[in-house]
Every structure is written in structure tokens, then in C-alpha cells.
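Here the structure comes first, spelled out in C-alpha cells, and everything after it is commentary.
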């Protein structure tokens, strides 16, 4: 069955980006937030994202205006009932995700596909919260969603081929490059990048070099667009912390244990670009 109507549950940084992406590609989208105050923040975030995409010349003014009319935001989870695809995009918390996925499963029709934007939690753990684990897939977008081309499509040993083919076709039509991967904690992207980011933080903690020097070595020596500290600020230090903590819980490997400095910055609310301060300041 072709995917025409999409619902996104959780309209934060990732969920808002997915809503924007779907709407600017002509899809009807409903976004669900648990509290009224979250709706205004989500709408502001999506509109700002559309304007930024327009300013970069990636969409026309007409496409931006059309996209603004294709999404709506609500606190009523029942509004997802008619969706062909529901994407869960809440915090990386197993209990939160599983409780929500169980509710989604009971609300939608038997042919509806359910996806999680989880970045580290094993998909089989989340799929088991539903009565249709063979129709649950991982749809791991990268931040910022509208700009980053990679999407990891995660499958468990029992995932049916139909849902995989359907979401691969969908995100390809959105201009993304889907890569199908197996279900392991962190999948491919975060399995590789989290230790790299944490090693950079530990090197700074040990006094190996200043942050900007470490970033410069990676940028100039390896031809990366950004070094590890600016990358962490872009992702969000809270997200980096939560990814690391989740993978450490699964693997018990010290490489994934969040460094003290990262914990301190998160506790201070210095989360990166989105708060105006992380490893660097973004006052402007």
C-alpha cells in the first residue's frame, strides 16, 4: 500500500525536522506533542526550518507556502489513526518509547507501518512492544533532518521485506539516501561516531590540545567539514550524551561512557547550537 499520510509522534528537533521534510515533499502530516506548550515551539521550529531551506535555495517560495498548509500539530494521539506510516520520535528512553509504541499499535489500522527514529536502542526491543513486530522498522534520520542525506533503515530478523521496500521508496523520493542495516545498538552511524566524539572530549579533558586545535586537525587533516566539537554542538550535547549512555548500557564498553565534561555541560543546559552555547558559543 502506498504511503500517503504520515504521522510523527514527538515534535522536537528530530520530529520537527521529519515533519518539515515530509510537508515540503507534498505529504500530509500530523504531528503529535503531549502538551499544548510544545505545539507552539514545534510550529516555530518547523517554520524556521522551512524558511532556512528557502533561504538556501533548496525549495521555492511556493513550495514553502504549500508545506505550511500540509502539516498540522495536535496533542490528541487519536489523530494518527488514519496514517499510513507513524514515526515515533521521542526521547531515547526505552520505557517511554515502548509505552508510546504500544498505544500507537492499538490506535492504527492493521496495514499501518510503524517506525522509530531511535538512534541507539535495539529495534527488536521496541518492536516487541507492539502486536506487529514484523511491520516495525527503524527510520533513523540524521540531524538536521532536511539537510542530511543519509537515512538508516533498520530491520530486525523478523522484519518483513514489504515495509522495508516501502520506506526505502518513500525516503528516496524525499531526496535521501537510505541504507538498510541490521539491528545492533547504535546501528552503523552512531556505532562509529560516538566513540570518535567522546575520544575528542577526553583528549581535551586530558589537555592534549584546545578544542579549536582538535577541530582543526580533523578538518584540515581528514578533510571533514566540521571537527568533533562543532559536530557535537550541531547534534546537541544532550543527544550525544544520551546516545553514549544508551550504548554504554548495552555494551558495557568504556569507549561509550559519557565523559565528565559532557555530563557537566548537559547539566548546565549548554546543549550546543540550539541553546546558544555548547563547546562553543553561538550568541549571534
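Only the coordinates and a few stated rules stand behind these numbers; no lab work does. None of the values given here were measured: they were computed from a predicted structure. Glycine also receives a Cβ, built like all others from the backbone with ideal geometry; neighbour counts cover every protein chain displayed.
Between 82, 219, 257, the residue with the greatest mean-square fluctuation in the GNM of the chain (Cα pairs under 10 Å linked by springs) is 219. Cβ crowding within 10 Å, taken as a proxy for footprinting-reagent exposure, orders 224, 241, 140 from fewest neighbours to most as 224, 241, 140. For the residues 205, 88, 250, a GNM of the chain with alpha-carbon springs under 10 Å puts the largest fluctuation on 205. Reducing region 142-211 and region 23-95 to their Cα centroids gives an inter-centroid distance of 21 Å.
Note on residue 48 and residue 192: their simple-model spin labels are 3.1 nm apart, each label 7 Å out from Cα toward Cβ. Structure remark: mean-square fluctuation, Gaussian network model of the chain, C-alpha springs under 10 Å; the largest value among 120, 130, 60 belongs to 60. Fewest neighbouring Cβ atoms within 10 Å first, the residues 201, 164, 46 line up as 164, 201, 46.
Based on the alpha-carbon gyration tensor of region 59-173 and its eigenvalue square roots a ≥ b ≥ c, which shape applies: rounded if a/c is under 1.5, prolate if not and a/b is larger than b/c, or oblate? Prolate, because a/c is 1.5 or more and a/b exceeds b/c. Using the rule -39500 (n - 2.57) for each DSSP H run of four or more residues, divided by the residues of the chain, the 222 nm mean residue ellipticity is -14500 deg cm²/dmol. In degrees between 0 and 90, to the nearest 10, how far off the longest principal axis of the chain does helix 189-205 point, with axes built from Cα atoms? Tilt of helix 189-205: around 30 degrees.
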